[in-house]
Amino acid sequence: MIVELGHYFLVLALALAIVQSVLPVVGARIGHAGYMRSADWTSVMSALLVAGSFAALTYAYVNSDFSVANVWQNSHSRQPLLYKYTSVWGNHEGSLLLWILILALFAALVAVFGRNLPADLRANVLGVQAWIMVAFLLFALFTSNPFERLDEPPLEGRDLNPILQDIGLAIHPPLLYVGYVGFSITFAFAAAAMICGRIDAAWARWVRPWTLLAWVFLTAGISMGSYWAYYELGWGGWWFWDPVENASFMPWLAGTALLHSALVMEKREALRIWTVLLAILTFSMSLLGTFLVRSGVLTSVHAFATDPSRGVFILAILTVFIGGSLALFAARAGTLRQGGLFAPISREGALVFNNLFLTTAMATVLIGTLYPLILEAFGGAKISVGPPFFNLTFGPLMVPLLLAVPFGPLLSWKRADLLAALSRLYFALGAAFVAVLTVLGLTAGGEVAAALGIGLAVWLMIGAFAEVITRSRAFSGGGSTLRRLAGLPGSMWGTALAHFGLGVTLLGIVAVSAFEREAIDNLTPGGSMTIADYQIELVRVGPVRGPNYVEDVVHFQVTGPSGNRFAMAPSKRVYTARTMTTTEAAIRTIGFSQLYLSVGDINADGSLVVRAWWKYQVILIWLGTLVMVAGGCVSLADRRLRVGAPRPARTRGKRELANA
Amino acid sequence: MRERLTAVILALVLAIASAMPALAVNPDEILDDPALEQRARDLSAGLRCMVCQNQSIDDSDAPLARDLRLLVRERLKAGDTDEQVLGYIVSRYGEFVLLRPYFGLHTAVLWAMPVVVLAIGAILAWVMMRRRAAAAPAALTPEEEARITKILDEGE
């Protein structure tokens, strides 16, 4: 009954979305206030309905109702409760429902918090958001209904894929989806602005907090996904340039570019055409990612045929939304006047530079991901594009961009002095030089690339705070430095933190790539091996029975360089329902580094293969992204950027002076 | 989420289906000469495991990946250069096995894309800036400056 109610709610939400996709847009056209306002309550109602529908599916999962096909395929009665909840989105149908829920929630947020938007803009934004809702609700109801019943309910479910039975499934997908889907609002704002024919600084001010919100979640989502893969897959890689990863990375690159170009538009009314195009591109990348992952083209071009209805449906959504918005863009772009003038060396110029490189990086990832598919589709050779390609192309593109990052915030608008900016960065430059020389000295000149990489990271980390230091006149004496620091606008701190976090992530990437150590050996109980001053002794192997799995836990005794001892216990697990084996790595965090142990099968003679890694400074990769997220949050909390609260008329003058 | 997971799942399913869940590089494969072994590892990282979703043979535990790893080491021991090893493997398995495709007519678009996009973007940005700077109103003449100063002063 509850399951049918969930299904019914979803259909009702579709009906409401259809109304919402027409009425407010017509209202905005003919100037009917009532029609326009209708979007407010329809979007809140649809959000409630989809939430109810989601709750119904969750209910079915928690109660292990195996008469629902989706629950039967992806759940098991003996799963721990947490995994019964997370199983809801650990599959195509359920995760699509989560997608739609977030889409609906964002529309409701705009309806509730967007009171100060002009009525026609808000009506159009919600109208466009409803178009997306309609498309995805149709997709869910016609090709991916999670509420389908089985005629003869089986007694036991087929269990959630063992790889997904992890706390990571509770964190990673919801974060990633809020990011992915959050960009739909940016898209809706762009489309609505083009429909209204009003694209100005005010628009950029309204759209920036939403972009920032989506960006914060996407950053956190990608980062958590990376850490999850790192510990779950058992070989300690943290980024694989896998097409599915690229699918989430492309919207991130476009979204990051958008954040920066919207800044120019907000402050100087320049780059209008480009910003709107980026807003469209960013969400297009989200849609493309959804298509790549859910249509099956990625597995192999042939897998398309296994479920053509889904692939074709998403391809249609993709074509309509990207094509439609680009057509609208083409029709409207000519009417946009360009705003403020600026010299190449200026804050605007720096942000154009940022956009140039981020967009090129995105295009590189895009072509690398799609090229094998395209080539094969046109009857060409079957080729692979993997990590070596991306490292060779994406890497060099990042170098000029990262070098330029500390300069950006120090340049003034319109026309700036590069040398003056550099003079404020002498300290960062000096620190970077010291770092390069130190690494060269410690490695006896053996790691030139790593030394340069670490120098770049230090340059980023210290340079990130140059603006804050300059503005607060820190180190220039006077007791009011602290007061001035506290008085700086939150967005300035946000920028500093985000750029600092980028440096921290880079430091982790360079350090672990250059100084990771690996050891592989065949051990029997009592045997030992050494890695990076850690002596690892295999003590014994013991079987353990878990709720829905059995495992062989391998107990190790590790002795550190200072004689400290601790135990580590990786395991080999077999999930009974699917008789699927997983490798559970054991990880010990020491400072920012990690000792990573992973075991193979037990041989007939009782020996087993042990792989040990010393992951030097690896945690910095994810800590850096968390700092970036914190920067985004600080910026978002800033008065001027608070979601839907752009009411800066009185304080604006003062802030502007502070930024000048 | 499913994004990454789909690949992970498939990789795993394939690995399990091959019924040999051992770790990637096994101790018995490792060459005695560390320099040669390092070259083998570097080459392996650039070769695709043909039966896996998206893994190099260095990361994969599929039997076919092991065969390829052994083949790489055999060729290296026979004194092949890195290019010769790759050439040999490509001649047997096709270019699909290379994670970094050769530069050629069929991959020209792929390899040229980053450079072309960057160049076009840079030129566009430059032209736009120049054109708009040229279209900007000329600076004020001294007489106009004086008039404005006068007007402003009177306004105060």
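Select from the stretch A:490-525 the residues that are closer than 30 Å to A:Ala604 by Cα, touching a Lys or Arg at 6+ places or on another chain (Cβ under 9 Å) and either without any contact (Cβ under 8 Å) to a residue 12 or more places away in the chain or not in a strand (DSSP E or B) (or both) and list them in ascending order. Don't jump to the end; show me each part of the working.
Kept after step one, since they are closer than 30 Å to A:Ala604 by Cα, are these residues of the stretch A:490-525: A:517-525.
This time we only want the ones that are touching a Lys or Arg at 6+ places or on another chain (Cβ under 9 Å), so: A:517-521, A:525.
Within the stretch A:490-525, A:Pro525 is the sole residue that qualifies.
Check the stretch B:132-139 and report whether any residue there is within 30 Å of A:Asn355 (Cα to Cα), over 22 Å from the mean Cα position of the chain (by Cα) and either assigned by TED's automatic domain parsing to the domain that holds B:Gln38 or surrounded by 11 or more Cβ atoms within 10 Å (Cβ to Cβ) (or both).
yes
Among the residues of the stretch A:323-345, is any part of a loop (DSSP other than H, G, I, E, B), within 10 Å of another protein chain (Cβ to nearest Cβ), in contact with a helix residue (DSSP H, G or I) (Cβ under 8 Å, 6 or more places away or on another chain) and modelled with pLDDT of 90 or more?
No, the stretch A:323-345 contains no residue that is part of a loop (DSSP other than H, G, I, E, B), within 10 Å of another protein chain (Cβ to nearest Cβ), in contact with a helix residue (DSSP H, G or I) (Cβ under 8 Å, 6 or more places away or on another chain) and modelled with pLDDT of 90 or more.
Which residues, taken from the stretch B:88-107, are β-branched (Val, Ile, Thr) and out of contact with any strand residue (DSSP E or B) (no Cβ under 9 Å at 6 or more places or on another chain)?
Step one: filter the stretch B:88-107 for residues β-branched (Val, Ile, Thr), giving B:89-90, B:97, B:107.
Residue satisfying the conditions is B:Thr107 alone.
If you scan the stretch A:247-305, which residues turn out to be touching a Pro at 6+ places or on another chain (Cβ under 8 Å) and at pLDDT 90 or above?
Filtering the stretch A:247-305 for residues touching a Pro at 6+ places or on another chain (Cβ under 8 Å) gives A:282-283, A:285-286, A:289, A:292, A:298.
Correct list: A:Thr282, A:Phe283, A:Met285, A:Ser286.
May I ask you to list pairs of residues, at least six apart or on different chains, whose Cβ atoms are under 9 Å apart, with the first in the stretch A:365-383 being surrounded by 19 or more Cβ atoms within 10 Å (Cβ to Cβ) and the second being part of a loop (DSSP other than H, G, I, E, B) and among the polar types (S, T, N, Q)?
Correct list of pairs: A:Pro372/A:Ser384.
Please determine whether any residue of the stretch B:79-99 is out of contact with any Pro (no Cβ under 7 Å at 6 or more places or on another chain), surrounded by 13 or more Cβ atoms within 10 Å (Cβ to Cβ) and closer than 30 Å to A:Leu401 by Cα.
For the stretch B:79-99, residues out of contact with any Pro (no Cβ under 7 Å at 6 or more places or on another chain), surrounded by 13 or more Cβ atoms within 10 Å (Cβ to Cβ) and closer than 30 Å to A:Leu401 by Cα: present.
Given the conditions (1) surrounded by fewer than 24 Cβ atoms within 10 Å (Cβ to Cβ); (2) in contact with a Leu (Cβ under 9 Å, 6 or more places away or on another chain); (3) not polar (S, T, N, Q), and given that A:Leu160 satisfies all but one, which numbered condition is not satisfied?
(1)
Condition check ((1) open to solvent by 60 Å² or more (accessible area, probe 1.4 Å); (2) out of contact with any helix residue (DSSP H, G or I) (no Cβ under 8 Å at 6 or more places or on another chain); (3) under 12 Å from A:Gln129 (Cα atoms)) across all residues:
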site: A:Tyr8; (1), (2), (3): yes, yes, no
site: A:Leu14; (1), (2), (3): no, no, no
site: A:Ala17; (1), (2), (3): no, no, yes
site: A:Arg29; (1), (2), (3): yes, yes, no
site: A:His32; (1), (2), (3): yes, no, no
site: A:Val50; (1), (2), (3): no, no, no
site: A:Ser53; (1), (2), (3): no, no, no
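Just wondering, is there one or more residues in the stretch A:112-135 that are in contact (Cβ under 8 Å) with a residue 60 or more places away in the chain, closer than 30 Å to A:Gln79 by Cβ and not in a loop (DSSP other than H, G, I, E, B)?
No, every residue in the stretch A:112-135 fails to be in contact (Cβ under 8 Å) with a residue 60 or more places away in the chain, closer than 30 Å to A:Gln79 by Cβ and not in a loop (DSSP other than H, G, I, E, B).
Under 7 Å between Cβ atoms, at least 6 apart or on separate chains: pull out the pairs that start in the stretch A:157-173 with a residue that is within 10 Å of chain B (Cβ to nearest Cβ) and end on any residue that is acidic (Asp, Glu).
Filtered contacts from the stretch A:157-173: A:Ile163/A:Glu232; A:Gly168/A:Glu232.
Just to be sure before I move on: is A:Ala519 out of contact with any Cys (no Cβ under 8 Å at 6 or more places or on another chain), away from chain B (no Cβ under 14 Å) and among the small types (Gly, Ala, Ser) in the structure I sent? Even if it seems obvious, please write down each step before you answer.
Numbers: out of contact with any Cys (no Cβ under 8 Å at 6 or more places or on another chain): yes; away from chain B (no Cβ under 14 Å): no; among the small types (Gly, Ala, Ser): yes.
Against the criterion (out of contact with any Cys (no Cβ under 8 Å at 6 or more places or on another chain), away from chain B (no Cβ under 14 Å) and among the small types (Gly, Ala, Ser)), A:Ala519 does not qualify.
For the stretch A:385-487, please list each of the helices (runs of 4 or more DSSP H) lying entirely inside it that holds at least 1 residues being surrounded by 14 or more Cβ atoms within 10 Å (Cβ to Cβ) and at pLDDT below 85.
Details: elements: A:387-404, A:418-423, A:426-442, A:448-463, A:466-472, A:481-487.
Helices (runs of 4 or more DSSP H) meeting the threshold: A:466-472, A:481-487.
If the requirement is being under 30 Å from A:Gly340 (Cβ atoms) and part of a helix (DSSP H, G or I), which of these qualifies: B:Val117, B:Val109, B:Val85, B:Val90? Reasoning before the result, please.
Numbers: B:Val109 fails: under 30 Å from A:Gly340 (Cβ atoms); B:Val85 fails: under 30 Å from A:Gly340 (Cβ atoms); B:Val90 fails: under 30 Å from A:Gly340 (Cβ atoms).
Only one candidate qualifies: B:Val117.
The values are calculated or read from the model by the stated rules, or taken from the named source; none is laboratory data. All values reported here derive from a predicted model rather than from experimental measurement. Note that each Cβ is placed from the backbone with ideal geometry, even for glycine, and that neighbours are counted across all protein chains shown. Note: accessible area is taken over every heavy atom of the protein model, side chains too, but ligands, DNA and RNA are not part of it. Shrake-Rupley method; radii C 1.70, N 1.55, O 1.52, S 1.80 Å.
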